[in-house]
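Beneath this line is the structure, given in structure tokens, with notes to follow.
The values are calculated or read from the model by the stated rules, or taken from the named source; none is laboratory data. On a predicted model such as this, the values are computed, not experimentally measured, just so you know. Because the Cβ atoms are built from the backbone with ideal geometry, glycine has one as well, and the counts that use them run over all protein chains shown. For accessibility, only protein heavy atoms count, side chains too; no ligands or nucleic acids. Shrake-Rupley method; radii C 1.70, N 1.55, O 1.52, S 1.80 Å.
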Amino acid sequence: MNNDFVFEEPLLEGVILKRRNRFIMEVEHDGTIHDCHCPTTGRIGNIVFEDIPCLLSRSKDPARKTAYTVEAISLDLRSQPEKNWIGINQNAANRYVEHFLKNGGFSKMVGEGEQEVMREQKLGISKLDFRIGDTYLEVKTPLVSLQVECGSHIKTTKAAPFSSTDRFVKHINELANSLNDNKRAIMLLCFIYDNPGFVVGVRSTNSNYVGEQVQKSTSKGVEIWQVNFRITPQKVEMMRYFPSIH
């Protein structure tokens with residue numbers, strides 16, 4: 001049985017000419033330059049977005065200001081016919097996870113058999129992404145540091161310290177607190193490319209504090225897992241998932 005996440009319409013290939021701001025990328029597609037929605041407002045590696053191949057989805061909303069969303073980028077040459085893609089749509093990552101949760105893709109992580117998959121579950125002062133049976137699950141899609149090799153044709157900038165860690169700390173602590181009433185709590189690190197095993201590539205301005213909070217939460221029983229998806233113009237496939245050791 002094929003449980004891949006198949007797009008309703010195949011993604012379109014284009015080339016990013018410029019990231020104008022956090023929300024807009026200028027993309028050439030089929031000879032026309034479009035303002036396209038960038039689905040993550042944060043940093044994507046330390047890449048300079050000039051002449052970067054990308055995959056686009058077309059919006060069904062005729063009133064939307066941007067007709068396309070950049071779903072993935074590639075660090076391969078434009079001329080390379082079969083490219084390796086890196087998904088950058090953090091909201092879509094939750095849709096992919098939900099699809100595979102409902103289709104038995106994560107049985108080794110959340111158990112086999114039918115279990116109700118509930119989205120956006122309130123817990124304490126937070127809303128966590130999923131509840132599956134008696135397990136809370138929060139999905140994080142790190143993009144600040146990309147664990148891929150860049151060829152000489154890719155321009156990069158010097159990586160600056162990362163400081164936006166408040167939501168991560170809040171969510172991992174809420175997961176730990178949920179263990180008072182539930183059997184399991186999982187932080188799932190989601191990569192829409194083949195990440196060999198997540199490591200913190202860019203230190204945050206409060207790395208020691210974050211590390212302490214992770215250590216405290218995992219000592220209470222919070223599990224950290226990693227999943228790698230592969231995105232193509234036609235679909236998203238699950239490559240592998242495994243416990244992440246920190």
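Dividing the helix sum by the residues of the chain, where each DSSP H run of 4 or more adds -39500 (n - 2.57), gives a mean residue ellipticity at 222 nm of -5500 deg cm²/dmol.
Within 14 Å, Cβ to Cβ, of residue 54, how many net charges do the neighbouring residues add up to if Lys/Arg are +1 and Asp/Glu are -1?
Result for the local shell: -4.
Placing pseudo-labels 7 Å out from each Cα toward the beta carbon at residue 61 and residue 180 gives an inter-label distance of 3.8 nm. Phi angles across the range 38-51 convert, under the Karplus curve 6.51 cos²θ - 1.76 cosθ + 1.60 with θ = phi - 60°, into 3J(HN,Hα) values of 9, x, 10, 7, x, 6, 10, x, 10, 7, 8, 7, 9, 6 Hz, Gly and Pro given as x.
When DSSP beta bridges are restricted to pairs lying wholly in the chain, around 75% turn out antiparallel. In the elastic network of the chain, a GNM with C-alpha springs shorter than 10 Å, the most mobile of 59, 178, 217 is 59.
Computed with every protein chain present, the accessible area of residue 230 is close to 100 Å² [probe 1.4 Å]. Percent of accessible area on the range 59-150 owned by carbon and sulfur, 1.4 Å probe? Ligands and nucleic acids excluded, carbon and sulfur give 44 percent. Out of 41, 135, 232, any idea which swings most in a Gaussian network model of the chain, alpha carbons joined below 10 Å? The residue that fluctuates most here is 41.
Comparing the chain with the 2.2 N^0.38 Å rule of thumb, its C-alpha radius of gyration ratio is 1.04 (two decimals). For residue 34, nonlocal amide neighbours, meaning residues 5 or more places apart or on other chains whose placed amide H falls under 5 Å from its own, are 27, 28, 29. Name the GluC sites (Glu not before Pro) in the range 9-89 that are in a loop by DSSP and that have at most 13 other C-beta atoms within 10 Å, would you? Sites meeting the loop and neighbour criteria: 50, 82. Charging the Cβ of each Asp and Glu at -1 and of each Lys and Arg at +1, and nothing else, the dipole of the chain about its Cα centre rounds to 740 debye. Run down the lysines and flag those whose C-alpha is under 25 Å from the C-alpha of residue 235, throwing out any fewer than 8 positions away in its chain. Answer for residue 235, where 25 Å is the Cα cut-off: 60, 83, 102, 108, 140, listed by chain and number. Under 17 Å from a label point set 7 Å out along the Cα-to-Cβ vector of residue 95, the amide N atoms of the range 48-73 belong to 55-73.
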